[in-house]
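Everything on this sheet refers to the single structure shown next.
Rule-based calculations on the coordinates, nothing more; no lab input. What you see is a predicted model, and the numbers here were worked out from it, not measured in a lab. So basically every Cβ, Gly included, is an ideal-geometry build from the backbone, and we count neighbours across all protein chains shown.
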Ligand code: NAD
Ligand code: LMR
């Protein structure tokens, strides 16, 4: 399989590429070709990473090509992991950030449209991930919208780990957690349907703990890591990107549902076309939103707040002529 990765010389790339080459994404049987995109000034550093990939002598890694032209790098890509993005610089407003990233993701959306394999799947990790995914998707009119997704799996994994720790269970015992909305502080990690070793999570933890500790800790975990490390999450973000793409292509190994930001079909009152996080089941490169979940009044308010933020971002990039 040909896998394209953007921002390959960055922090996440430094973990992600080695995990892919090791077979963590597609399994230990499937050879992989890597196509790596970077801005020209980062290509020398990327050459160093490629030397290291070579020195690992990964049995599954067929070849690696690097470049700064998205049309060339995405040529024939079956899976595109869009990690590279413009970080927020000092003094930058959210609108400036959307505009700077808009330029990247309009160009990459068009290049995917023109050059990628007919069957391509696209996962956006670079922030603001949901809206970057929307921009790429809207600039790739020949690729079905359902092929684009944005990463909320890191939030999902954070929630699973936190619930397991709180209940003294293994992460393997936790199922049916859902993350709704935007990959931002407004996201809603929802335990209403979650189970721990088959028991409803809501019977094991208090409502106060969910509201006052669980939701804010998961939603602000990225900021806490940035504060502690002096750099944003990287290995965990790479791992979540692998989990998202692996589950999409091969299905969830534990038979659980997962959380992904995907193009809304109007389910759960999320306006059609927004790329918003939902609980989804996956197999063979396709996903479906889990249907029929009862949504409490509390959940409704939280979902609506995060979706409102996504609508504001969509309005801003529409105004900028990016979608
Ligand atoms: P980084 O700054 O270390 O690396 C980003 C890389 O992208 C850099 O090497 C840069 O040169 C490259 N890049 C910039 N513009 C590019 C372009 N047009 N084409 C190709 N490459 C380009 O950042 P990082 O720590 O690797 O994080 C990457 C992104 O992932 C950031 O936007 C970060 O906020 C985001 N992130 C998302 C999640 C999530 O859960 N969705 C979690 C962590 C980080
Ligand atoms: C995270 O959730 O760790 C990141 O999205 C934080 C960031 O802003 O890079």
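Using a cut-off of under 17 Å, list every residue of segment 6-46 whose amide N is near the label point 7 Å from the Cα of residue 62 along the Cα-to-beta-carbon line.
Only 20-36 pass the distance filter.
Would you mind calculating the gained length between residue 92 and residue 161 on full extension (0.36 nm times residue separation, minus the Cα-Cα distance), in nm to one decimal?
Value of the extension gain: 21.5 nm.
For a quick check: sort 209, 257 by the number of other beta carbons within 10 angstrom, fewest at the front.
Exposure proxy ranking, most exposed first: 209, 257.
Taking just the alpha-carbon atoms of segment 69-169, what radius of gyration and Dmax come out, in angstrom?
My reading of the Cα-based Rg and Dmax gives 15.8, 50 Å.
How many percent of the alpha carbon pairs in segment 232-293 exceed a separation of 13 Å?
Looking at segment 232-293, the distances longer than 13 Å represent 63 percent of pairs.
Provide Rg over Rh for the chain; use the alpha carbon set for both Rg and the Kirkwood Rh (inverse mean inverse pair distance).
0.95
Label-point separation (nm) for residue 51 and residue 100, each offset 7 Å from Cα along Cα-to-Cβ?
About 3.0 nm separates the two model spin labels.
What does the helix-only formula give at 222 nm for the chain: each DSSP H stretch with n ≥ 4 adding -39500 (n - 2.57), the total divided by the residues, and the result rounded to the nearest 500 deg cm²/dmol? Walk me through the intermediate numbers first.
On the way: 10 runs with 128 residues, N = 323.
The helix contribution divided over the chain gives -12500 deg cm²/dmol.
For segment 258-304, just the Cα set please: Rg and Dmax, both in angstrom.
Values for segment 258-304 (Cα only, Rg and Dmax): 10.9, 35 Å.
With contacts defined as alpha carbon pairs under 8 Å and 6 or more residues apart, what's the relative contact order of the chain in percent? It would help to have the intermediate numbers written out before the result.
Numbers: 643 pairs, mean separation 55.9, N = 323.
After rounding, I find 17 percent.
Taking the Cα atoms only, what angle lies between the long axis of helix 153-167 and the longest principal axis of the chain, rounded to 10 degrees?
Taking Cα atoms only, the helix is inclined about 40 degrees.
May I ask for the angle, rounded to the nearest 10°, between helix 235-250 and the longest principal axis of the chain, with both axes built from Cα atoms and the value confined to 0 to 90°?
That works out to roughly 90 degrees.
Based on the Cβ-Cβ distance of residue 107 and residue 220, what FRET efficiency does E = 1/(1 + (r/R0)^6) give at R0 = 35 Å, to the nearest 0.05?
That pair, residue 107 with residue 220, gives E of 0.65.
In degrees between 0 and 90, to the nearest 10, how far off the longest principal axis of the chain does helix 11-21 point, with axes built from Cα atoms?
That works out to roughly 80 degrees.
How far is the Cα center of segment 261-323 from the Cα center of segment 194-247, in Å?
About 19 Å separates the Cα centre of segment 261-323 from the one of segment 194-247.
Output the peptides 273-285, 302-314 sorted from most to least packed, where packing is the average of other Cβ atoms within 10 Å over each peptide's residues. Could you put the intermediate results ahead of the total?
Working: 273-285: 21.2, 302-314: 19.2.
My ranking of the peptides, most packed first, is 273-285, 302-314.
Give me the percent of DSSP beta bridges within the chain that run antiparallel, rounded to the nearest 5.
On the way: 20 of 42 bridges.
That works out to approximately 50 percent antiparallel.
On average over all directions, what projected area in square nanometres does segment 167-274 have, based on the convex hull of its Cα atoms?
On the way: hull surface 32.4 nm².
Average projection, Cα convex hull of segment 167-274: 8.1 nm².
Over segment 110-257, what relative contact order in percent results from Cα pairs under 8 Å that are six or more residues apart?
Taking the mean separation of contacting Cα pairs over the length of segment 110-257, I get 20 percent.
I'd like the distance separating the alpha-carbon centroids of segment 28-50 and segment 83-121, in whole Å.
Taking the Cα centre of each part, segment 28-50 and segment 83-121 sit 18 Å apart.
Using Cα pairs under 8 angstrom and six or more residues apart, how large is the relative contact order of segment 104-145, in percent?
57
Subtract the Cα-Cα distance of residue 209 and residue 145 from 0.36 nm times their separation in residues, and report this length gain in nm to one decimal.
Gain on stretching residue 209 to residue 145: 19.3 nm.
How much of the calculated P(r) for segment 150-230 lies past 19 Å, in percent of all Cα pairs?
The share of Cα pairs beyond 19 Å in segment 150-230 comes to 31 percent.
Set the Förster radius R0 to 30 Å, insert the Cβ-Cβ distance between residue 272 and residue 294 as r into 1/(1 + (r/R0)^6), and round the FRET efficiency to 0.05.
0.85
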